[in-house]
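One structure is given here, and the rest of the page talks about it.
Read-outs: derived from the displayed coordinates by stated rules, not from any lab. Computed from a predicted structure; not experimentally measured. Cβ placement follows ideal geometry from the backbone for every residue including glycine, while neighbour counts extend to all protein chains displayed.
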Amino acid sequence: MGEKSSEQLKCDCTIIHEEVIERAGRKMPPEENLYNLAELFKVFGDSTRIKIIWALFEEEMCVCDIAYLLNLTQSATSHQLRVLKQARLVKPRREGKNIYYSLDDEHIEEIFNQGLNHINE
């Protein structure tokens, strides 16, 4: 399938389809929800964070284990885990002096599976 020029993608229609606009408007989530969704997808936009999440599909891990697995510094790993925690994608569990991280819930794996299905089509 060839690329279309911007001229081919232009809509020459001058009629506003009010019923279509109304249906779409009624179904559109609140602006704040759309903003939060965009922020969530930004978190997925970093390959290091994707690798961390992928590693946590298998088992909870401490910062040291994740850093070693991904060949990162503990500082870089901690920074990425902080971003993932703020986005509610991972959760910490303290055991003595160690903190272990796991996925926050099963939705994260569903998001990954949907994304992989899409890129593998």
Segment residue 19-residue 40, extension gain: residue separation times 0.36 nm, minus the distance between their alpha carbons | 4.4 nm
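For residue 70 and residue 55, compute 0.36 nm times the residue count separating them, minus their Cα-Cα distance, and round to one decimal in nm.
Values: separation 15, 0.36 × 15 = 5.40 nm, distance 0.91 nm.
Contour length minus Cα-Cα distance gives 4.5 nm.
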May I ask you to list, by number, the DSSP H helices of the chain whose Cα span along the axis is at least 15 Å and whose average Kyte-Doolittle hydropathy reaches -1.0 or more?
-> 31-43, 47-58, 74-86, 107-119
Along the charge dipole of the chain, which of 33, 80, 45 sits closest to the positive end, that is, farthest toward it, with unit charges on the beta carbon of Lys, Arg, Asp and Glu (+1, +1, -1, -1)?
-> 80
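Restricting attention to the stretch 51-104, which trypsin sites (Lys or Arg not before Pro) occupy a DSSP loop and are surrounded by at most 14 other Cβ atoms within 10 Å? Don't jump to the answer; show the numbers that get you there.
Details: sites: 51, 82, 85, 88, 93, 94, 97; in loops: 88, 97.
Here the trypsin sites (Lys or Arg not before Pro) that fit, given the DSSP loop and packing criteria, are 88, 97.
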Stokes-Einstein D for the stretch 75-121 at 25 °C, 0.890 mPa s, Kirkwood Rh over Cα pairs, in µm²/s?
-> 203 µm²/s
Compute the distance in nm between two label points, each set 7 Å from the Cα along the Cα-to-Cβ direction, one at residue 112 and one at residue 94.
-> 2.7 nm
Give, as a single signed number, the net charge of other residues whose beta carbon lies under 12 Å from the beta carbon of residue 108, with Lys and Arg counted +1 and Asp and Glu -1.
-> -2
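Just the number, please: Stokes-Einstein D of the chain in µm²/s, Kirkwood Rh from C-alpha pairs, 20 °C, 1.002 mPa s.
Details: Rh = 17.6 Å.
Stokes-Einstein gives a translational diffusion coefficient of 122 µm²/s.
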Sorted by chain and then number, the residues having a modelled amide H within less than 5 Å of the amide H of residue 99, at least 5 places away or on another chain, are 63
